[in-house]
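Down below is the structure, laid out as C-alpha cells.
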Amino acid sequence: QVHVVESGGGLVQPGGSLRLSCAASGIIFSAYAMGWYRQSPGKQRDLVAAITSGGTTNYADFVKGRFTISRDNAKNTVYLQMNTLKPEDTAVYYCYAWGTGHWGQGTQVTVSS
C-alpha cells in the first residue's frame, strides 16, 4: 500500500523560509519522479517543482530562484526548500508520486506578517 505524507508547513513572515518534507512508502522510491504542487482556495492545483528519479529538476516560473526540490532516496523522502517567501505563496502544498496516482494529504503554508 502506497503512502505519501507531507510535513513542515506553517506560518512564516514574508521573506522567510520553510522546508517541506514528503515521505513515501510502499513504492521503490528511487524509481519514481516526485512532484510538489500547491492549491489556494478557489484556484486549481499547480505544479511547483518536480524531480525525476535521476535527479533532474523542473520549476514553475513563479518559484524559480527561490525554491529548491531535492530527494534523499535512502530516506524515501523528497524536500522542498522555500526561501524568500511571499504572501502569494500561501497555499496547501501537496506531494505527488508520479506514476502511482497517490497524493499526500497536504500541508498548509501561510505567509503573512
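The values are calculated or read from the model by the stated rules, or taken from the named source; none is laboratory data. Quick caveat, the model's predicted, so the values are computed rather than measured. Here the Cβ positions follow ideal geometry from the backbone for every residue, glycine too, while neighbour counts run over all protein chains shown. We work out accessible area using only protein heavy atoms, side chains counted, and drop any ligands, DNA or RNA first. Shrake-Rupley method; radii C 1.70, N 1.55, O 1.52, S 1.80 Å.
Results, tabulated for the structure shown:
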quantity	calculated
Condition met for I51 (touching a Lys or Arg at 6+ places or on another chain (Cβ under 8 Å) and without any contact (Cβ under 8 Å) to a residue 40 or more places away in the chain)	yes
Leading residue by the ranking (surrounded by the fewest Cβ atoms within 10 Å (Cβ to Cβ)) among those in the range 65-82 that are in contact (Cβ under 8 Å) with a residue 24 or more places away in the chain and among the aliphatic types (A, V, I, L, M)	I69
Residue check, G16 part of a loop (DSSP other than H, G, I, E, B) and touching a residue at least 40 places away in the same chain (Cβ under 8 Å)	yes
Residue that is least open to solvent (accessible area, probe 1.4 Å), among those in the range 33-47 that are outside any strand (DSSP E or B) and touching a Phe, Trp or Tyr at 6+ places or on another chain (Cβ under 9 Å)	A33
Unique residue being within 25 Å of S113 (Cα to Cα) and open to solvent by less than 30 Å² (accessible area, probe 1.4 Å) when the list is A50, A24, A97, A91	A91
Single unsatisfied condition, F62 versus (1) assigned to a strand (DSSP E or B); (2) open to solvent by 50 Å² or more (accessible area, probe 1.4 Å); (3) among the hydrophobic types (A, V, I, L, M, F, W, C)	(1)
Odd one out for S30 among (1) within 23 Å of S112 (Cα to Cα); (2) open to solvent by less than 70 Å² (accessible area, probe 1.4 Å)	(1)
Which listed residue is touching a residue at least 40 places away in the same chain (Cβ under 8 Å), closer than 14 Å to Q108 by Cβ and either in a loop (DSSP other than H, G, I, E, B) or among the small types (G, A, S) (or both), from L11, L85	L85
Any chance L11 is on the phi < 0 side of the Ramachandran plot, touching a Ser or Thr at 6+ places or on another chain (Cβ under 8 Å) and either open to solvent by less than 20 Å² (accessible area, probe 1.4 Å) or at pLDDT below 95 (or both)	no
Tally of residues being over 16 Å from V111 (Cβ atoms) and either of a type outside the set (K, R) or within 14 Å of the chain's Cα centre (by Cα) (or both) across the range 65-82	12
